[in-house]
1. Anything in the range 64-105 that is charged (D, E, K, R), farther than 11 Å from ILE46 by Cα and assigned to a strand (DSSP E or B)? List them, or say none.
2. When you look at ASP44, is it surrounded by 14 or more Cβ atoms within 10 Å (Cβ to Cβ), modelled with pLDDT of 95 or more and touching a His at 6+ places or on another chain (Cβ under 7 Å), yes or no?
3. In this structure, does LEU74 turn out to be buried (at least 16 other Cβ atoms within 10 Å of the Cβ), free of Cβ contacts under 8 Å to residues at least 60 places away in the same chain and out of contact with any Gly (no Cβ under 9 Å at 6 or more places or on another chain)?
4. GLY41 passes all but one of (1) touching a strand residue (DSSP E or B) at 6+ places or on another chain (Cβ under 7 Å); (2) among the small types (Gly, Ala, Ser); (3) not in a strand (DSSP E or B); which number fails?
5. Restricted to the range 2-33, and to residues that are aliphatic (A, V, I, L, M) and part of a strand (DSSP E or B), which residue is farthest from VAL48 (Cα to Cα)?
6. State all residues of the range 25-55 that are acidic (Asp, Glu) and either without any contact (Cβ under 8 Å) to a residue 40 or more places away in the chain or touching a Lys or Arg at 6+ places or on another chain (Cβ under 6 Å) (or both); if no residue qualifies, say none.
Amino acid sequence: MGNVYVNAKKDLTTTNVTTLYTCAALTTGIIKSIIVSEDTGNADTITVTLTNGTSVFSLFKTAAVGANGTVELLTAPLVVGASEILKVTAATANRLHVVASILEVT
């Protein structure tokens with residue numbers, strides 16, 4: 001088994017559901033941190049979901065991010081199984097950046 005630290009990052013330029021991270025086959029992803037920052041001086045919200053096949057699980061429904069603020073969404077690690085997908089959606093385009101820090105275990 002190997003351990004590799006990676007990060008996944010997105011500039012949310014649309015209000016479409018956006019894939020932040022897809023856990024590879026035969027891998028477990030341990031998400032240590034999800035940081036969201038707002039860079040336009042306007043408060044906004046972000047939605048975070050975890051998809052497993054056709055099932056979608058809400059992790060954060062419209063989590064608030066203050067104007068010019070930064071928020072750490074996780075208070076404990078989040079385990080993501082093989083082929084599961086972490087997705088993010090901004091309420092408003094061109095305001096939010098999101099970065100996830102992940103330990104991949106194979």
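The values are calculated or read from the model by the stated rules, or taken from the named source; none is laboratory data. These figures come from a predicted structure and were not determined experimentally. Backbone-built Cβ (ideal geometry, glycine too); neighbour counts: all protein chains shown.
1. Filtering the range 64-105 for residues charged (D, E, K, R) gives 72, 84, 87, 95, 104.
Now drop any that are not farther than 11 Å from ILE46 by Cα, which leaves 72, 84, 104.
Those that are charged (D, E, K, R), farther than 11 Å from ILE46 by Cα and assigned to a strand (DSSP E or B): GLU72, GLU104.
2. Working: surrounded by 14 or more Cβ atoms within 10 Å (Cβ to Cβ): yes; modelled with pLDDT of 95 or more: yes; touching a His at 6+ places or on another chain (Cβ under 7 Å): no.
Against the criterion (surrounded by 14 or more Cβ atoms within 10 Å (Cβ to Cβ), modelled with pLDDT of 95 or more and touching a His at 6+ places or on another chain (Cβ under 7 Å)), ASP44 does not qualify.
3. Working: buried (at least 16 other Cβ atoms within 10 Å of the Cβ): yes; free of Cβ contacts under 8 Å to residues at least 60 places away in the same chain: yes; out of contact with any Gly (no Cβ under 9 Å at 6 or more places or on another chain): yes.
It is true that LEU74 is buried (at least 16 other Cβ atoms within 10 Å of the Cβ), free of Cβ contacts under 8 Å to residues at least 60 places away in the same chain and out of contact with any Gly (no Cβ under 9 Å at 6 or more places or on another chain).
4. (1)
5. To start, the set of residues in the range 2-33 that are aliphatic (A, V, I, L, M) comprises 4, 6, 8, 12, 17, 20, 24-26, 30-31.
If we keep only those that are part of a strand (DSSP E or B) too, we end up with 4, 6, 8, 12, 20, 30-31.
Details: VAL4: 23, VAL6: 19, ALA8: 14, LEU12: 12, LEU20: 9, ILE30: 16, ILE31: 13 Å.
Here the residue is VAL4.
6. Going residue by residue through the range 25-55, those that are acidic (Asp, Glu) are 38-39, 44.
Across the range 25-55, the qualifying residues are GLU38, ASP44.
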